[in-house]
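Report on the following structure.
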Amino acid sequence: MNPLETFSVKDGWPALRERVQVADVALLDEAVDFAVQWHGDQTRPAGEPYVEHLLEVVAVLVDGLGVTDIDVLRAGVLHDVVEDTDCDLETVRAKFGDRVAELVNWVTKGDDREAYLANLKKAPRDALTVKLADRLSNVQRLNTHPRPAKQQAYYRETVRTIVPLSKGFPWFEQWYARWQHEFRHLA
């Protein structure tokens, strides 16, 4: 089995921006600036800036899948702005339009995590693409999470609810199969 491909954006948005193949990359610049503004100095559990996760999602979409749909890319970078900041969906809609807002809405968790995960089975393909890229970023280095119990719980949840969603997305299916094999010690 091939080694697990991981996505890093340590060089930041300017380096990732050079790899984005869309007609008007300034539209994505605007979304990145918006996400940076709203997420501010938030950090991930392992201490890295939160914005790295958002950019990793874009890197997965661009480098892993070859996505060129500007709305999917903008939803990728904005996917947590409603869930993890004081920004509301109507602000996203006013700034980026209905389609981006709907994609963000599909991947925004509500109070009932199990209901949210179950509802993803009905999500449109583009929303699932964003969600699968989001979870990939979250689990690609799951072993860096500071709490072993959280590593195990997140592994089990991913195998139970996210891996089945990757069916019909060949690139994601292969990636998650390699990931599940590599991290099987967390089962």
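Any idea which residue in region 54-70 is nearest to residue 169 (Cα to Cα), counting only those that are surrounded by fewer than 21 Cβ atoms within 10 Å (Cβ to Cβ) and not small (Gly, Ala, Ser)? Can you show your working first?
Here is the first cut: in region 54-70, the residues surrounded by fewer than 21 Cβ atoms within 10 Å (Cβ to Cβ) are 63-66, 68-70.
Still in the running and not small (Gly, Ala, Ser): 63, 65, 68-70.
Values: 63: 15, 65: 10, 68: 16, 69: 16, 70: 19 Å.
Restricting to residues being surrounded by fewer than 21 Cβ atoms within 10 Å (Cβ to Cβ) and not small (Gly, Ala, Ser), the top hit is 65.
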**Message:** Which count do you get for residues in region 141-155 that are more than 17 Å from the chain's Cα centre (by Cα), surrounded by 12 or more Cβ atoms within 10 Å (Cβ to Cβ) and of a type in the set (D, E, K, R)?
**Reply:** 1
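Sort through 108, 161, 91 and tell me the only one that's among the polar types (S, T, N, Q), surrounded by fewer than 21 Cβ atoms within 10 Å (Cβ to Cβ), assigned to a helix (DSSP H, G or I) and in contact with a helix residue (DSSP H, G or I) (Cβ under 6 Å, 6 or more places away or on another chain).
Working: 108 fails: assigned to a helix (DSSP H, G or I); 91 fails: in contact with a helix residue (DSSP H, G or I) (Cβ under 6 Å, 6 or more places away or on another chain).
Exactly one of 108, 161, 91 is among the polar types (S, T, N, Q), surrounded by fewer than 21 Cβ atoms within 10 Å (Cβ to Cβ), assigned to a helix (DSSP H, G or I) and in contact with a helix residue (DSSP H, G or I) (Cβ under 6 Å, 6 or more places away or on another chain), namely 161.
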**Fill in**
Residue hits (region 1-29; within 24 Å of residue 103 (Cβ to Cβ), open to solvent by 70 Å² or more (accessible area, probe 1.4 Å) and outside any loop (DSSP other than H, G, I, E, B)) are 17
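Here's the yes/no breakdown for (1) touching a Phe, Trp or Tyr at 6+ places or on another chain (Cβ under 9 Å); (2) at pLDDT below 95:
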| position | (1), (2) |
| --- | --- |
| 38 | no, no |
| 44 | yes, yes |
| 60 | yes, no |
| 64 | yes, no |
| 70 | no, no |
**Request:** List the number of the failed condition for residue 85; all other conditions in (1) open to solvent by less than 40 Å² (accessible area, probe 1.4 Å); (2) more than 25 Å from residue 111 (Cβ to Cβ); (3) of a type in the set (S, T, N, Q) hold.
**Result:** (2)
**Asked** Among (1) in a helix (DSSP H, G or I); (2) open to solvent by 50 Å² or more (accessible area, probe 1.4 Å); (3) under 26 Å from residue 148 (Cβ atoms), which single condition is residue 46 missing?
**Response** (1)
**Request:** Inspect all residues belonging to region 67-81 and state whether any of them is assigned to a loop (DSSP other than H, G, I, E, B), of a type outside the set (S, T, N, Q) and within 24 Å of residue 144 (Cβ to Cβ).
**Result:** yes
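The values are calculated or read from the model by the stated rules, or taken from the named source; none is laboratory data. No experiment lies behind these values; they were computed from the predicted model shown. Cβ sites come from the backbone with ideal geometry, for glycine too, and all protein chains shown count toward neighbours. Heads up: the accessible areas ignore ligands, DNA and RNA and are worked out on the full protein's heavy atoms, side chains in. Shrake-Rupley method; radii C 1.70, N 1.55, O 1.52, S 1.80 Å.
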